[in-house]
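The next block holds one structure in the form of structure tokens; read it before the comments.
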Amino acid sequence: MQVLRSAEELRRSLCAERRAGREIGFVPTTGALHEGHRALLRASASECRVSVLSVFVNPLQFGPGEDLERYPRTLDADLEVARAERVGYVFVPEPAELYPPPVLTTVHVAGITEPLEGAFRPGHFDGVATVLTRLFGVVGCCRAYFGEKDFQQLLVVRQMVTELRMPVEVVGCPTVREHDGLARSSRNRRLDPAARAAAPCLYRALRAGAEAVAAGEADPGVVRERMAQVIASEPLARADYLEVVDPACLVAPERIAAPVRLLGAVHLGDVRLIDNLAAAPAS
Ligand code: AMP
């Protein structure tokens, strides 16, 4: 396993791998790796000869007052995980390596970036699209693995890659959860014991919403209310949003007549968690 800080070195190494006929799997992350990341690395290792992991806390995707400074950084442990998951190259760039000044080029995906996370984190998806464009530019032709845990991000990446005809095949992987349903997240390690005990309320709320849909509830307002009740019963939690949307365009349907996606974001103290779940009316 090689740990590289230079974009040029990584580009050259991966060109050589491709010339030798090896397919590249790429897993971009913010580090503080957990079982969710491991599932992406395993999918990559099972489908591609060479796996590339990037670990980069991207300043562009954090807004003012968000947790950029407090975001957990655990590089030594991350390298152990990478080794165990048969990663060939770990790319750990300094910010100036991906953003050599002056930074004049950013990427904006319209439409699907506006609701949900986009409404609460202005500029977040511009940061995501910009860093991924730069990373894909370095890595080149690859399969790139993303978690459904960040459902809106997955849609944004698919849209960008398709429209810009990037030589990247986007692969979505299911959300990995703790035993109590809490979606694995690097931010979970910042939950104190009381907040950790309360945190599964988000998954419970999504489950309650999905059960209502499966039982025939066709009014999105009623489903939203079901989810809100679960969060309201947990004094430590405060919701940013709990929504019912069309999984293709992230717009709320007037009536639920086809599969939908339920998405939520909650604060537990100073930690903000997101999660989502598929739901479908019984046929
Ligand atoms: P992050 O390090 O949080 O930026 O996430 C890097 C990648 O891991 C993204 O594609 C995430 O969607 C994915 N990911 C994070 N948490 C999970 C999880 N619990 N299950 C599956 N994928 C995840």
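The values are calculated or read from the model by the stated rules, or taken from the named source; none is laboratory data. All values reported here derive from a predicted model rather than from experimental measurement. Ideal geometry is used to build each Cβ from the backbone, glycine not excepted, and the neighbour counts take in all protein chains shown. All accessible areas refer to the heavy atoms of the entire protein, side chains included, with ligands and DNA or RNA removed. Shrake-Rupley method; radii C 1.70, N 1.55, O 1.52, S 1.80 Å.
Here is how the numbers come out for the structure above:
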quantity: Matching residues in the range 259-275 - criterion: being farther than 19 Å from Ala195 by Cα and open to solvent by less than 50 Å² (accessible area, probe 1.4 Å); calculated: Val260, Arg261, Leu262, Leu263
quantity: Residue within the range 174-191 that is in contact with a helix residue (DSSP H, G or I) (Cβ under 9 Å, 6 or more places away or on another chain) and away from the ligand (no atom under 14 Å from the Cβ) present; calculated: yes
quantity: Ala119, sole failed condition from (1) free of Cβ contacts under 8 Å to residues at least 40 places away in the same chain; (2) within 30 Å of Pro247 (Cβ to Cβ); calculated: (1)
quantity: Residue among Phe146, Phe125 that is assigned to a helix (DSSP H, G or I) and buried (at least 19 other Cβ atoms within 10 Å of the Cβ); calculated: Phe125
quantity: Of all residues making up the range 40-60, the number that are farther than 16 Å from Glu94 by Cβ and open to solvent by 30 Å² or more (accessible area, probe 1.4 Å); calculated: 4
quantity: Test: residue in the range 206-225 that is open to solvent by less than 50 Å² (accessible area, probe 1.4 Å) and either within 16 Å of the ligand (Cβ to nearest atom) or within 23 Å of Val57 (Cβ to Cβ) (or both); calculated: yes
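Residue-wise test of (1) out of contact with any Phe, Trp or Tyr (no Cβ under 8 Å at 6 or more places or on another chain); (2) of a type in the set (A, V, I, L, M).
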position: Arg11; (1), (2): yes, no
position: Glu17; (1), (2): yes, no
position: Gly31; (1), (2): no, no
position: His34; (1), (2): yes, no
position: Ala45; (1), (2): yes, yes
position: Val52; (1), (2): no, yes
position: Asn58; (1), (2): yes, no
position: Val87; (1), (2): yes, yes
